[in-house]
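*Asks:* Can you read through this structure? Questions will come right after.
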Amino acid sequence: MEAGTTIVGNILHVVLPDSQFSNSFDAAALKADAVQLIDANEIKGVKYFLADGAAWNSQSLAVINGISKIATKKGVQSDLSEMPLGVSKILALSKSAASDVATKSGPSSFNLFEALGEQVIEAWRDVKETSSFLVDASRSFGRLFTGKAQYQRSDLSLFIQATGPQALIIVGVVNLLLGVILAFMGAVQLKLFGAEIFVADLVAFGHTREIAPMMTAIVIAGRTGAAYAAQLGTMQVNEEIDALKTFGFSPMDFLVLPRMLALALMMPLLVLYADALGIFGGYLIGVYTLDFGHMQYIVQTQNSIDLTDILYGVFKGLVFGILVAVIGCKEGLSSGRDASAVGDAATKAVVNGILAIIVATAIFSVLATALGI
Amino acid sequence: MTTSDTAISIQNMTMAYGDFVIQRDLNFDIRKGEIFIIMGDSGSGKSTLLKHMIGLKRPSSGTVLYDDMDFWAASESERKLASRRFGVLYQSGALWSVMTLAENIALPLRTYTDYSEKDITDIVALKLSLVGLAGFEGFYPSEISGGMKKRAGLARAMALDPEILFFDEPSAGLDPISAKRLDDLIIELRDGLGATIAIVTHELASIFAIGDRGVFVDADAKKQTALGKIDDLRNAPPNAKVAEFLNRSAPGST
Ligand SMILES: Nc1ncnc2c1ncn2[C@@H]1O[C@H](COP(=O)(O)OP(=O)(O)O)[C@@H](O)[C@H]1O
Ligand SMILES: [Mg+2]
């Protein structure tokens, strides 16, 4: 028997081809054909066959289902007697199996302004939540000094290890190269005025006050902020945080405090280290490509900055460190309870962390200018 | 029944996430020393109910009484103190993954007791041996199987000798033998410690093997639709859904 549709008496014969994983069979066309024949003729029933040597699969079932649905509406009977027994069994199951009521609405259409509005609202909520988290965290900090905070000292040293020593290479490389870039960039412009020696000033001043704290914090946001969010998010998924709470441990003291302390202790040191590497990068360019004397560059550097500049950068590092830790922990603790939520939390920790660093840098600049620091 | 045989009393409690109501007007008592089963279809709010009883989530209305203490009306520090009297075994075990099994059990002991380190080591070893994990002190949660995690979680839940133990689906994800072992352990603990036990489960074998009484929360009706002795509920189910649940038969059929 050939695949296709024929009318025998007042019965429509639908012969299904062998469709196993091949595109040679146009299911839609066969179905349209059959439906059109049912419409156009005085059909009393539809009888299904398999083409010679053909096997059936889900596609055959879908075709039968599609045709018979329309046929039933018109009061036309389906006859599966020539089909293998499995076909009628499976079709019967698909009709009888109790189905849960699906109520999920489809994806709503995208509206630029709505999306924008939602993002603004969400951003504002983030700011509020993070601020109140910061307040809670500082309370926990207070409990640390009254000796009431419960946390594990061993955790603290572990976090210090992970944020400090283990970050040295990446922070070093980034800051060395930033010193190099700053020196090159400055040299091109300062050459126009014959003031190339001020490259040393630019590097020392710019790096210690702005670049080193900001870029170090950004590196740490990507490294440590994300790690904190992922750690706490995973604990959330595992119900570990619930378990802490039921034993009366405050997640703030137990989890956030040591992480915040570790970054608050390490960031100032990292910034000092970043200062040194950045200036060293500038020195390499100054001495080896701009041909300044070794001592000349050093003296120029010494004259360009004083302790205030260094402390200003270090203090910013401290603030950024606390921001990164708080945002990372907040995102982790408010993470959803499945694996993809942990990924989202880590992403949010990095994005919000970097945003906070840049906003804080801007605020610092305004304040420093106003106060003449 | 006098108050003194009641360990926990749930009165007119409504639970909701935001505006989304999960269950309305729950009313039941858990008696001292019994194994009380919380049943219901999935998504009906069984875990949520447990969270309300152990202090993780505040009811949107109604009360949770422990003996005569209104749990959610009490101050946070009173609540913390009260919660030291119960132990919780979470669905996934919820062992603290950065600590060894010994440290997991020792942490509450170190925090809330004045025992010496030596005593704590001995207590930890005892608790681990109670759940058949003697010698596993130095293992991290990631190094043991799912069934062992649950048992270790149970050892930790018992760290402070609780009067009430809560279990969220203890046998979910366990093979039949481990599940049976856990059931036996639960009964022995009840008999040995005289603890009150509240269990969320839909494992029929467990329900009939260990349950004294239970409540059924219905996801569609959003309220409790059955309460009483497990045997009574099975023999004379108050409604078709409970009959279906406890007898594994379609409603209407026999
Ligand atoms: N944190 C949450 N926020 C909002 N809805 C939740 C949350 N947790 C659970 N739910 C919802 O509450 C209902 C009951 O959940 P749950 O208590 O976990 O059910 P069960 O344990 O009976 O399967 C479900 O519809 C679930 O989607
Ligand atoms: Mg649950």
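The values are calculated or read from the model by the stated rules, or taken from the named source; none is laboratory data. Computed from a predicted structure; not experimentally measured. Glycine also receives a Cβ, built like all others from the backbone with ideal geometry; neighbour counts cover every protein chain displayed. The area values use the complete protein model at the heavy-atom level, side chains included, leaving out ligands, DNA and RNA. Shrake-Rupley method; radii C 1.70, N 1.55, O 1.52, S 1.80 Å.
*Asks:* With a 1.4 Å probe and all protein chains left in place, how much accessible area per residue does region B:1-86 have, in Å²?
*Replies:* Numbers: 3700 Å² over 86 residues.
Here the per-residue accessible area is 43 Å².
*Asks:* Between A:G225, A:G186, A:G75, where does the largest GNM mean-square fluctuation fall for chain A, given springs only between Cα atoms within less than 10 Å?
*Replies:* Judging by the Gaussian network model, the answer is A:G75.
*Asks:* Looking at region A:264-373, which trypsin sites (Lys or Arg not before Pro) are in a loop (DSSP not H, G, I, E or B) and have at most 15 other Cβ atoms within 10 Å? Each step should come with its number before you reach the end.
*Replies:* Details: sites: A:K316, A:K330, A:R337, A:K348; in loops: A:R337.
Here the trypsin sites (Lys or Arg not before Pro) that fit, given the DSSP loop and packing criteria, are A:R337.
*Asks:* Is region A:211-253 best put as rounded, prolate or oblate by its Cα gyration tensor, with a ≥ b ≥ c the root eigenvalues, rounded for a/c under 1.5, and otherwise prolate when a/b is larger than b/c, oblate when not? Don't skip to the end; give the middle numbers.
*Replies:* Working: a/c = 7.89, a/b = 2.61, b/c = 3.02.
Oblate shape, in that a/c is at least 1.5 and b/c is the bigger or equal ratio.
*Asks:* Could you state the accessible area per residue of region B:96-161 in Å², with a 1.4 Å probe and every protein chain left in place?
*Replies:* Numbers: 2810 Å² over 66 residues.
Value returned for region B:96-161: 43 Å² of accessible area per residue.
*Asks:* Scan chain A and note any complete DSSP helix (H) whose C-alpha atoms cover at least 27 Å along its axis and whose Kyte-Doolittle average is -0.5 or more. Walk me through the numbers on the way to the answer.
*Replies:* Numbers: long enough: A:112-145 (49 Å, 0.04); A:168-191 (34 Å, 2.23); A:257-288 (46 Å, 1.58); A:307-333 (39 Å, 1.50); A:339-371 (47 Å, 1.69).
Membrane-span-like by this rule: A:112-145, A:168-191, A:257-288, A:307-333, A:339-371.
*Asks:* Using only protein heavy atoms and a 1.4 angstrom probe, determine the accessible area buried between B and A, summed over both sides, in Å² to the nearest 100. Write out the running numbers ahead of the final one.
*Replies:* Numbers: alone 11870 and 20310 Å², together 30530 Å².
In total, this chain pair buries about 1600 Å².
*Asks:* Next up: Using a ≥ b ≥ c from the Cα gyration tensor of the protein assembly as shown (square roots of the eigenvalues), is it rounded, prolate or oblate, where a/c under 1.5 gives rounded and otherwise the larger of a/b and b/c decides, a/b for prolate?
*Replies:* Values: a/c = 2.70, a/b = 1.36, b/c = 1.99.
Oblate shape, in that a/c is at least 1.5 and b/c is the bigger or equal ratio.
*Asks:* Got the relative contact order for region B:96-161 handy, in percent, Cα pairs under 8 Å and 6 or more residues apart? Don't skip to the end; give the middle numbers.
*Replies:* Numbers: 71 pairs, mean separation 29.1, N = 66.
So the answer I get is 44 percent.
*Asks:* Taking the Cα centre of region A:237-303 as origin, work out the dipole magnitude from +1 charges on Lys and Arg Cβ and -1 charges on Asp and Glu Cβ, in debye rounded to 20.
*Replies:* Details: 2 positive and 6 negative charges, 34 e Å.
Around 160 debye, computed over region A:237-303.
*Asks:* Return the single residue from B:E188, B:E34, B:E163 with maximal mean-square fluctuation; model: Gaussian network over chain B, springs between Cα atoms under 10 Å.
*Replies:* Largest GNM mean-square fluctuation: B:E188.
*Asks:* Toward the positive end of the charge dipole of region A:214-373, about the Cα centre and with charges on Cβ (Lys, Arg +1; Asp, Glu -1), which of A:S335, A:A230, A:I373 goes farthest?
*Replies:* After comparing all options, I get A:S335.
*Asks:* A further question follows. Could you pull out the trypsin sites (Lys or Arg not before Pro) across region A:142-213 that fall in loop regions by DSSP (anything but H, G, I, E, B) with no more than 15 other Cβ atoms inside 10 Å?
*Replies:* On the way: sites: A:R143, A:K148, A:R153, A:K191, A:R209; in loops: A:K148.
The qualifying sites are A:K148.
*Asks:* For A:K316, give me every one of the lysines with a C-alpha distance below 24 angstrom, ignoring sequence neighbours fewer than eight places off in its own chain.
*Replies:* Correct list for A:K316: A:K128, A:K330, A:K348.
*Asks:* Moving on to the next point. Could you give the length gained by full extension between B:Y115 and B:S75, i.e. 0.36 nm per residue of separation minus their alpha carbon distance, to one decimal place? Intermediate values should be presented prior to the final figure.
*Replies:* Working: separation 40, 0.36 × 40 = 14.40 nm, distance 2.77 nm.
Length gained between B:Y115 and B:S75: 11.6 nm.
*Asks:* Can you give me the solvent accessible area of A:W124 with a 1.4 Å probe, rounded to the nearest 10 Å²?
*Replies:* My reading of the accessible area for A:W124 is about 150 Å².
*Asks:* Positive end of the dipole of chain A, charges at C-beta (+1 Lys, Arg; -1 Asp, Glu), about the Cα centre: which of A:A71, A:F254, A:V174 has its Cα farthest in that direction?
*Replies:* So the residue furthest toward the plus end is A:F254.
*Asks:* Next question, about the same structure. Roughly how many Å is it from the Cα centre of region A:245-275 to that of region B:19-54, as a whole number?
*Replies:* Taking the Cα centre of each part, region A:245-275 and region B:19-54 sit 38 Å apart.
*Asks:* What does the accessible area of B:F136 come to, in Å² to the nearest 10, when a probe of 1.4 Å is used?
*Replies:* Counting only protein heavy atoms, the figure is 50 Å².
*Asks:* I'd like the accessible area for B:D68: 1.4 Å probe, protein heavy atoms, all chains in place, Å² to the nearest 10.
*Replies:* 120 Å²
*Asks:* Let me ask something else about it. Take every Cα pair under 8 Å in chain A that's 6+ residues apart, average their separations, divide by the length, and report that relative contact order as a whole percent. Don't jump to the answer; show the numbers that get you there.
*Replies:* Numbers: 490 pairs, mean separation 66.6, N = 373.
18 percent.
*Asks:* Excluding residues fewer than 8 places away in the same chain, name every one of the lysines whose C-alpha is closer than 28 Å to that of B:K229.
*Replies:* B:K229 reaches B:K32, B:K46, B:K51, B:K57, B:K150, B:K180, B:K241.
*Asks:* Looking at region B:165-254, which trypsin sites (Lys or Arg not before Pro) are DSSP coil and have at most 14 other C-beta atoms within 10 Å of their C-beta?
*Replies:* Working: sites: B:K180, B:R181, B:R190, B:R213, B:K222, B:K223, B:K229, B:R234, B:K241, B:R248; in loops: B:K222, B:R248.
Counting only loop positions with at most 14 other Cβ atoms within 10 Å, the trypsin sites (Lys or Arg not before Pro) in region B:165-254 are B:R248.
*Asks:* Quick one: putting +1 on the C-beta of Lys and Arg, -1 on the C-beta of Asp and Glu, what dipole do you get for region B:96-161 around its Cα centre, in Debye to the nearest 20? Intermediate values should be presented prior to the final figure.
*Replies:* Values: 7 positive and 8 negative charges, 65 e Å.
It comes to approximately 320 debye.
*Asks:* Evaluate the charge dipole of region A:119-371 about its Cα centre and quote only its size in Debye, nearest 20, assuming +1 on the Cβ of each Lys and Arg and -1 on the Cβ of each Asp and Glu. All intermediate terms of the calculation are to be shown ahead of the outcome.
*Replies:* Numbers: 15 positive and 19 negative charges, 83 e Å.
It works out to roughly 400 debye.
*Asks:* Same structure again: Could you identify which residue out of A:L318, A:L244, A:L50 has the top mean-square fluctuation in a GNM of chain A using Cα springs shorter than 10 Å?
*Replies:* A:L50
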